[in-house]
Amino acid sequence: MPIDMKNVIADTYASLVRQQNVDKITVKALIEACGISRQTFYYHFQDMMDVIEWSVRRALERIAREGLEKDSPEEAVELLIAAAAEHHAMLQKLLSSQRRARVEQILTETTRAYCQEMLQGGGARQLAIRYADLEVALDFCAAGLTALLIKHCANPKLDRRALARQVCALMSGQMFRDGFAGQKG
């Protein structure tokens with residue numbers, strides 16, 4: 001079976017991130033850890049940010065595929081929350097690096113793609129919503145969900161199911177309908 005060099009490079013990078021400061025990981029250190037040439041690295045990736053972006057996209061694509069198999073939106077969101085909690089230490093290291101702005105952008109873009117995939121896979125084509133409104137809703141949800149994942153997934157006592165239920169209630173508008181209905185009394 002042929003070796004998937006992109007996976008080898010990305011997995012080695014993740015291993016290095018767990019062991020040391022993100023800003024100190026160089027292409028030279030990565031290729032030495034992989035046992036590959038600089039040419040091989042640049043054949044597969046443009047730079048270190050390309051490795052990070054490819055890794056995050058690969059992970060969220062896998063989670064999206066699994067999410068589409070879930071019985072409810074809450075279960076799909078809980079899957080995303082679980083993945084963020086599992087990799088929270090690495091995310092925090094990336095967010096504490098000089099690459100923070102780009103890492104946040106990548107996280108938001110990939111979370112947006114995840115939300116879009118969940119909507120499309122869950123029958124959102126039947127929604128009566130204009131394209132421009134859907135785009136704004138996806139941007140809003142992606143930014144909010146990314147911020148929630150960064151903030152809450154550091155908590156080891158996080159009730160993932162409750163947070164997923166709250167996120168879905170917020171995204172569907174149910175939280176506001178229930179909240180305002182409860183205030184009338």
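Miscellaneous remarks
- In region 140-185, the residue that is modelled with the lowest pLDDT out of those that are more than 26 Å from residue 86 (Cβ to Cβ) and not in a helix (DSSP H, G or I) is 185.
- From the options 59, 113, 101, residue that is out of contact with any helix residue (DSSP H, G or I) (no Cβ under 9 Å at 6 or more places or on another chain) and under 28 Å from residue 13 (Cα atoms): 101
- Taking the conditions (1) touching a residue at least 60 places away in the same chain (Cβ under 8 Å); (2) surrounded by 15 or more Cβ atoms within 10 Å (Cβ to Cβ); (3) of a type in the set (Gly, Ala, Ser); (4) part of a helix (DSSP H, G or I) in turn, residue 113 satisfies each one other than (1).
- Search result, residues across region 9-61 that are among the β-branched types (Val, Ile, Thr) and more than 27 Å from residue 111 (Cβ to Cβ): 26, 27, 31, 36, 40
- Boolean, residue 61 is among the acidic types (Asp, Glu), modelled with pLDDT under 90, in contact with a Ser or Thr (Cβ under 9 Å, 6 or more places away or on another chain) and over 24 Å from residue 157 (Cα atoms): yes
- The set of residues from region 84-104 being basic (Lys, Arg) and either in a helix (DSSP H, G or I) or surrounded by 18 or more Cβ atoms within 10 Å (Cβ to Cβ) (or both) comprises 93, 100, 102.
- Among the residues making up region 116-139, those that are at pLDDT below 80 and in a helix (DSSP H, G or I) are 118, 119, 120, 121, 124, 125, 126.
- Whichever residue in region 1-56 is out of contact with any Ser or Thr (no Cβ under 6 Å at 6 or more places or on another chain) and acidic (Asp, Glu) and, among such residues, is farthest from residue 100 (Cα to Cα): 4
The values are calculated or read from the model by the stated rules, or taken from the named source; none is laboratory data. The shown structure was predicted, so the numbers you read here are calculated from the model rather than taken from an experiment. Cβ atoms come from the backbone with ideal geometry, glycine included; neighbour counts cover every protein chain shown.
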